[in-house]
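In what follows, a single structure is set out as structure tokens and then discussed.
The values are calculated or read from the model by the stated rules, or taken from the named source; none is laboratory data. Here the structure is a predicted model, which is why all the values come from computation and not from measurement. Cβ: placed from backbone, ideal geometry, glycine included. Neighbour counts: every protein chain shown.
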Amino acid sequence: MTIDTLSRMLHISPSTVSKYENCKLSIDVHTLFEIASILNVSVQQLTDYSTPSKQEHTDSESPSFFTRSNILYFYQYFGLDKKIYACVMEIIKSPDDASYNVIIYYDVDDLSHYTDASYIYNGTMRCNELATHIYARNPYNRGDELTICAKTPFSTSTTTEGILVAVSTSLRNPYACKILFSLNPLPVDDELREKLSIYDKDTAKETKRVNALVVY
């Protein structure tokens, strides 16, 4: 939606909308609710914002890759969009010490300001020797959920692979894709796209053999 279109629907000038957008003018509550209604989002989605956390690495000999940092990066390539999606996951220790709470910031343009993401998911994470399981839900759309199962690599590794399962809004169907976790941001380039690809000859052959998408 353009600024001109939104301004006509709000019956205000485009310059006023632009000032709202650039934080040059405070917005009143009534207008805020009107904008949320027009955009078909909640007011919380327009106002909730938290500053990015500072990354803190823990003991490199930690038994789980997923407990070595409070912030992890992961990447997904979606062929329909021909785009690599960069995401950030904040990890928060749960009081029961058996699991972790997570916040996933999905589709991030600027990793230094990752809280400004297209989608945000809240969920939980559980780790074991072989794999880590993550379940998260979009708090503003209860039908938007995702599940991740990722390998637990050796403690010296800085990356690991996994599978993400969700419902695609563009495909309107469940889908599964390969993702790559990293302790550090990765260059979004052809090399990363190749690592995220599942249409290479070996993967296609193995998928046909076992009738399943397997990340080795």
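A few notes on this one:
- Tally, over segment 18-33, of residues that are farther than 13 Å from L46 by Cβ and in contact (Cβ under 8 Å) with a residue 12 or more places away in the chain: 1
- Pairs where the first residue, in segment 141-159, is surrounded by 15 or more Cβ atoms within 10 Å (Cβ to Cβ) and the second is in a loop (DSSP other than H, G, I, E, B) and among the acidic types (D, E), C-beta under 9 Å, 6+ apart: T152/E129
- Checking every residue in segment 112-119 against the condition of being free of Cβ contacts under 8 Å to residues at least 60 places away in the same chain, closer than 24 Å to L196 by Cα and not aliphatic (A, V, I, L, M) gives at least one match.
- The set of residues from segment 130-146 being of a type in the set (A, V, I, L, M, F, W, C) and not in a loop (DSSP other than H, G, I, E, B) comprises A131, I134, A136, L146.
- Being touching a Ser or Thr at 6+ places or on another chain (Cβ under 6 Å) and surrounded by 15 or more Cβ atoms within 10 Å (Cβ to Cβ) holds for only one residue in N138, N101, and it is N101.
- Verdict on I163 being in contact with a Gly (Cβ under 6 Å, 6 or more places away or on another chain), assigned by TED's automatic domain parsing to the domain that holds R137 and not in a loop (DSSP other than H, G, I, E, B): no
- Checking the stated criteria, N173 turns out not to satisfy the condition of being of a type in the set (S, T, N, Q), at pLDDT 90 or above and loosely packed, with under 15 Cβ neighbours inside 10 Å.
- Counting residues in segment 187-202 that are more than 26 Å from T67 (Cα to Cα), of a type in the set (S, T, N, Q) and modelled with pLDDT under 95 gives one or more.
- Enumeration of residues in segment 98-128 that are in a loop (DSSP other than H, G, I, E, B) and of a type in the set (F, W, Y): Y114
- Residue within segment 50-67 that is assigned to a loop (DSSP other than H, G, I, E, B), at pLDDT 90 or above and over 14 Å from T160 (Cβ atoms) present: no
- With respect to the conditions (1) more than 17 Å from the chain's Cα centre (by Cα); (2) modelled with pLDDT of 75 or more; (3) in the same structural domain as N138 (by TED's automatic domain parsing), Y100 lacks only one, and its number is (1).
- Here T156 does not qualify as at pLDDT 95 or above and among the polar types (S, T, N, Q).
- Filter result for G123 (among the small types (G, A, S) and surrounded by 12 or more Cβ atoms within 10 Å (Cβ to Cβ)): yes
- Of all residues assigned to segment 144-155, none qualifies as being farther than 25 Å from T67 by Cβ, among the aromatic types (F, W, Y) and more than 18 Å from the chain's Cα centre (by Cα).
- Summed over segment 103-127, the residues that are at pLDDT 90 or above and within 8 Å of the chain's Cα centre (by Cα) give a count of 6.
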